[in-house]
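This report concerns only the one structure given below.
The values are calculated or read from the model by the stated rules, or taken from the named source; none is laboratory data. The structure presented is a predicted model; accordingly, all values stated were derived computationally and were not measured. All Cβ positions, even for glycine, are placed from backbone atoms using ideal geometry, and neighbour counts span all protein chains on display. Protein only, heavy atoms only, side chains kept; ligands, DNA and RNA dropped before computing areas. Shrake-Rupley method; radii C 1.70, N 1.55, O 1.52, S 1.80 Å.
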Amino acid sequence: MESYEPDRLTPVETAAVRRSFRSGRAALTRRSLLRASAGGALAIGGLGTLSACGIPAATKNQGGVSADDHSATEKVVNFSNWPEYIDVDDSGKHHPTLDAFAERTGVRVKYTEDINDNDEFFGKIQPELAAGQDTGRDLIVLTDWLAARMIRLGYVQKLDAANLPHAFANLSDQFRDPDWDPGRAYSYPWQGISTVIAFNKKALDGVEVKSVSDLLDNPKLKGRVSFLTEMRDTIGMTLLDLGKDPAKVTDDDYGAAIARLQKAVDKGQIRRFTGNDYTSDLAKGDIAACVAWGGDIVQLQADNPDVGYLIPDSGYMTSTDNLLVPNKARHKTNAERLIDYYYQPEPAAELAAYVNYVSPVAGVVPYLAKIDKSAATNPLIVPDKAMQAKSHPFRALTQKEETAYQQKFSKLTGA
């Protein structure tokens, strides 16, 4: 089992963590995004994706530590998630899908929005996990790089396939076999995240954008382009544009991507590297085109017809937030029943209609269409087969690679 010491973060890694919380996806809640881009007020909380240290790919023969399962006698499941990452009713006080689960199964969900940043949350639960103690949580949602680390450390339990018939049958092929959890032995996606190219039609004023190369090279876009402060998204999209596979990135590949971006920085092509704050610039037309997150664009387009997006021929980056059962959880079977519930098309559709991220559930479309026809036909929420084929993950990194890569990226972005 891999050891972990929180105080071993290098200065470069620490800076990356702080940058993610300050200006990455951790800087905004999902549903407040549209209001923030329109009114300029930024809310705190959300989805952070930079890791403090990467990990090698996990293997399926690792296992966490189980506890006596009290699911049969204690009809409850303790579920920790990110802020505003689930459906709510008009009052904002109830979660219809969780209420329906409780009514259907008799299992009450104690739902807590206490994950505001991956690293912060890991620091909260790691001492208990390292000591072999119950965290008080039966189900947690973590971004793929941290889910990978949790598996590698042996901090999460292998899931019982017998309790997950819908999840096994309905998981989208796009997310079925990540290198850090082959065959999804320990995790199932809560939602997927797509990284694409977005643009403001009015600001482009007829300038054609089809690729990352257009963002980096077209002189008509000089100073009106932004990239993300999230290393895997910006470097991944650049690697794809260079004809390289982020799932197989080498040191030389990474160096080539950094050099490509540095050239654009030096000539003033890139206005800046941003977190979610690009949404305000994009909506107002202060930037003409950028590398962006798909869930943001779905929400922006609801109020701004000038905002559009494209999937380059070279492909796009994808990542996931994932459901896991931590060691010593008292209600593992109940947690697995809840995972499986969200892989039934009806609740999956209700969730997707609210959060606007990529649904990992195959067969969700007809159910989503009953709620929101536009969402059901939006490939940023339900990618079709052609779009899925263009998606690419960033491979798991060793700690040594993570340190070196973050140092180069920090130098590039001026962080």
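Just a few scattered comments:
- Sorting the segments 230-237, 345-352 by their mean number of nearby beta carbons within 10 angstrom, highest to lowest, gives 230-237, 345-352.
- Ordering H331, H95 by accessible surface, largest first, gives H95, H331; the 1.4 Å probe counts only protein heavy atoms, with every chain in place.
- For L228, residues with placed amide H under 5 Å, excluding near neighbours: T234, T274, V291
- Structure note, pairs K202/K222; K110/K373; K75/K124; K328/K400; K220/K267; K222/K248: Cα-Cα distances above 23 angstrom occur for K110/K373; K75/K124; K328/K400; K222/K248.
- Once all protein chains are placed together, F273 keeps about 30 Å² accessible to a 1.4 angstrom probe.
- Dipole moment magnitude, nearest 20 debye, the range 192-279 about Cα centre, only Lys, Arg, Asp, Glu C-beta charged: 400
- Dipole magnitude of the range 83-134 about its Cα centre (Cβ charges: Lys, Arg +1; Asp, Glu -1), debye to nearest 20: 300
- Nearest-20 debye value, the range 322-390 charge dipole, Cβ charges on Lys, Arg, Asp, Glu: 240
- A straight chain from T105 to K93 at 0.36 nm per residue would run longer than the Cα-Cα distance by 2.2 nm.
- Hull-based mean projected area of the range 251-332, where the convex hull spans the alpha carbons, in square nanometres: 9.6
- From phi via Karplus (6.51, -1.76, 1.60), per-residue ³J(HN,Hα) for the range 323-337 in Hz, x at Gly/Pro: 8, 9, 9, x, 4, 6, 4, 7, 10, 4, 5, 4, 5, 5, 5
- Peptides 150-162, 315-327, ordered by how many other C-beta atoms sit within 10 Å of their residues on average, highest first, read 315-327, 150-162.
- Partners for K244 among lysines (Cα-Cα distance below 20 Å; same-chain residues under 8 apart left out): K210, K263, K390, K408
- Long-range HN-HN contacts of K390 with modeled amide H, under 5 Å: none
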